[in-house]
Structure formats: C-alpha cells, structure tokens
Amino acid sequence: MGVFDKGAQQADEKLHAVLDPQLLAGETMVGRLIATHSKTFSAIVYGIGVTSQRLIMQPLGRTLEAKGEPITVAPADVRKSSVDGFGGGLSEFLKAEPGEIRIETADHKFKLAALGGGLDQVFTGDAQRDGKRALIEFLYTARNPSG
C-alpha cells in the first residue's frame, strides 16, 4: 500500500456513504468521482455518482459530507458537453493533467475539473480515475445515443 493509498481509499468510502443511498431501486453505480465546479469567484466541490440512467451531482463540504440537495442529470437533459484535453483520445485525457469537463443542461452549466490519471493518480487512486472514465462515457452516450 502506497503512502497516499489510504487517503484515496478514505475519500472513496466517503463518496460511497454520500452517493449510494441516493440510488433508486434496481439502479447500479458504475463510477464515483470528486470534481470541482469553478465559478467566477468561488468553487463548488461535487461528489458525482454515475449510473447508466443519470448523474447524481451532490455538493460536498470540506470533509466530503453532503451539503445541500443533489442535482440529477439524465442523458436526455444533456444539451451540450465537451472534454478539453482530448488530444490523444480518452486514454490520453485520463493520463493527462486535469482538463475541463463541461456539461450544459436546460438549468445548469458545469465547468468541472477532476483529478484522476497521470501524475495525480498517486493521490487520487483507481476509483477516482474509473469514476472520471464513467462520467466521460456517460456524456458520450448521452450525446450519441445510437452508439
């Protein structure tokens, strides 16, 4: 076990505790990650749960506790999405420094930064990287429902 593995494992356990109770009957979580939504003079940290039916975007406090009501985003809600840093494809994005993941719905615009992959993998662990991959795949499927 590496020096940072315990911290990454604890963060993942906290995400499980916050996000898993929000699953609907028969719904399966395919990924979880922590991402920061940047605003002009502030930022909101989200715990994001990814299922095949929706994103659960739960605002988090400093110790990764739920803070406020979650936002749910279904595939049909996604009007626009983009991932900066895609130069070499998904695998290269996942290895790179954090790029922006943008999601636009009728009610919200998110500009997310999520660690996971590349050098930051030492700090975040596999669960964060896998959650980031699940989020990107959800957005791709939402924008390209036929395949």
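Restricting attention to the range 15-53, and to residues there that are touching a helix residue (DSSP H, G or I) at 6+ places or on another chain (Cβ under 9 Å) and among the aliphatic types (A, V, I, L, M), which single residue is most open to solvent (accessible area, probe 1.4 Å)?
Applying the filter and picking the extreme gives Val30.
Give the number of residues within the range 54-64 that are open to solvent by 50 Å² or more (accessible area, probe 1.4 Å) and either in contact with a helix residue (DSSP H, G or I) (Cβ under 7 Å, 6 or more places away or on another chain) or at pLDDT 95 or above (or both).
To start, the set of residues in the range 54-64 that are open to solvent by 50 Å² or more (accessible area, probe 1.4 Å) comprises 62-63.
Remaining after also requiring either in contact with a helix residue (DSSP H, G or I) (Cβ under 7 Å, 6 or more places away or on another chain) or at pLDDT 95 or above (or both): none.
Of the residues in the range 54-64, 0 are open to solvent by 50 Å² or more (accessible area, probe 1.4 Å) and either in contact with a helix residue (DSSP H, G or I) (Cβ under 7 Å, 6 or more places away or on another chain) or at pLDDT 95 or above (or both).
When only residues in the range 65-91 that are closer than 15 Å to Lys132 by Cα and in contact with a strand residue (DSSP E or B) (Cβ under 6 Å, 6 or more places away or on another chain) count, which is modelled with the highest pLDDT? First the steps, then the outcome.
Taking the range 65-91 first, the residues closer than 15 Å to Lys132 by Cα are 81-86, 89-91.
Within this subset, residues satisfying the condition of being in contact with a strand residue (DSSP E or B) (Cβ under 6 Å, 6 or more places away or on another chain) are 81-84.
Working: Ser81: 89, Ser82: 84, Val83: 80, Asp84: 72.
Per the stated criteria, the residue is Ser81.
Every residue in the range 14-43 that is touching a residue at least 60 places away in the same chain (Cβ under 8 Å) and part of a strand (DSSP E or B), please.
Passing the criteria: Gly31, Arg32, Leu33, Ile34, Ala35, Thr36, His37, Ser38.
The values are calculated or read from the model by the stated rules, or taken from the named source; none is laboratory data. All of these numbers come straight from a predicted model, not from anything done at the bench. With ideal geometry, Cβ positions are generated from the backbone for all residues, glycine too; neighbour counts draw on all protein chains shown. Please note that ligands, DNA and RNA were not included when accessible areas were found on the heavy atoms of the full protein model with its side chains. Shrake-Rupley method; radii C 1.70, N 1.55, O 1.52, S 1.80 Å.
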